[in-house]
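Working notes for the structure below.
The values are calculated or read from the model by the stated rules, or taken from the named source; none is laboratory data. A quick note: this is a predicted structure, and the numbers were derived from the prediction, not measured. Cβ atoms come from the backbone with ideal geometry, glycine included; neighbour counts cover every protein chain shown. All accessible areas refer to the heavy atoms of the entire protein, side chains included, with ligands and DNA or RNA removed. Shrake-Rupley method; radii C 1.70, N 1.55, O 1.52, S 1.80 Å.
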Amino acid sequence: MIWDVPSPKGRASAVSPADSAWEALYHRYVRRVLHAATLAAGGSAHDGWDGVQHAFSRAWLYLTEPGSPPVHNWEAWLRKTAVRHVVQAAQRNARALPVHPAPDRELGGPLLENWVVVKEEYLGVLKVVAALPPRQRQALALCGIAGCSVKETAQIMDVREGTVRSLLSQARQALSRGRGEEIGDEY
């Protein structure tokens, strides 16, 4: 469906509902999607922006495709799409890099300003983790950092597996709130 809207010069221009929906998505989620994509790209804002562009291009195609099922959590959909694109691009590029680079060719690293963004994000997460209750922090550290399974974490903490899942859920919710994100299913 296309609507005719008067343009600033008095001429009619065609604007679809997808235009305004896409712009609203972009303005609402671009920073959060960029942060996730930049972190996934190891701090490279260039690669992060590439992921953001890909995600919002896919969103545009989705919005303009008739009969597309509704997306219930656009932020999660956009973040997942951007991060997947960044990871897949990194995997393709890793195959293209020589095992031993030529001495005269240096592989570029992230720019200083990209590291600043990553560091600020990291410090913010650390502050929120430090503010968690001790049991939530322990469950998060064992599962998320040490790589223990829920069963192993339950044995270490001497609690039931359901308790560990509950503690992890509460910790994730606190992390999301502490970072100013909406809580929802990301996948």
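Working carefully through the options G43, G67, find the one that is at positive phi, at pLDDT below 90 and surrounded by fewer than 17 Cβ atoms within 10 Å (Cβ to Cβ).
Of G43, G67, the one residue that is at positive phi, at pLDDT below 90 and surrounded by fewer than 17 Cβ atoms within 10 Å (Cβ to Cβ) is G67.
Scan the range 33-49 and report the pairs whose first residue is acidic (D, E) and whose second residue is surrounded by fewer than 22 Cβ atoms within 10 Å (Cβ to Cβ) and assigned to a helix (DSSP H, G or I), with Cβ atoms within less than 8 Å and a gap of 6+ or a chain change.
D47/A89; D47/A90
State the number of residues belonging to the range 50-63 that are touching a residue at least 40 places away in the same chain (Cβ under 8 Å) and open to solvent by less than 60 Å² (accessible area, probe 1.4 Å).
Looking only at the range 50-63, we keep the residues that are touching a residue at least 40 places away in the same chain (Cβ under 8 Å), and these are 60, 63.
Going one step further and asking which of them are open to solvent by less than 60 Å² (accessible area, probe 1.4 Å), we end up with 63.
So the count comes out to 1.
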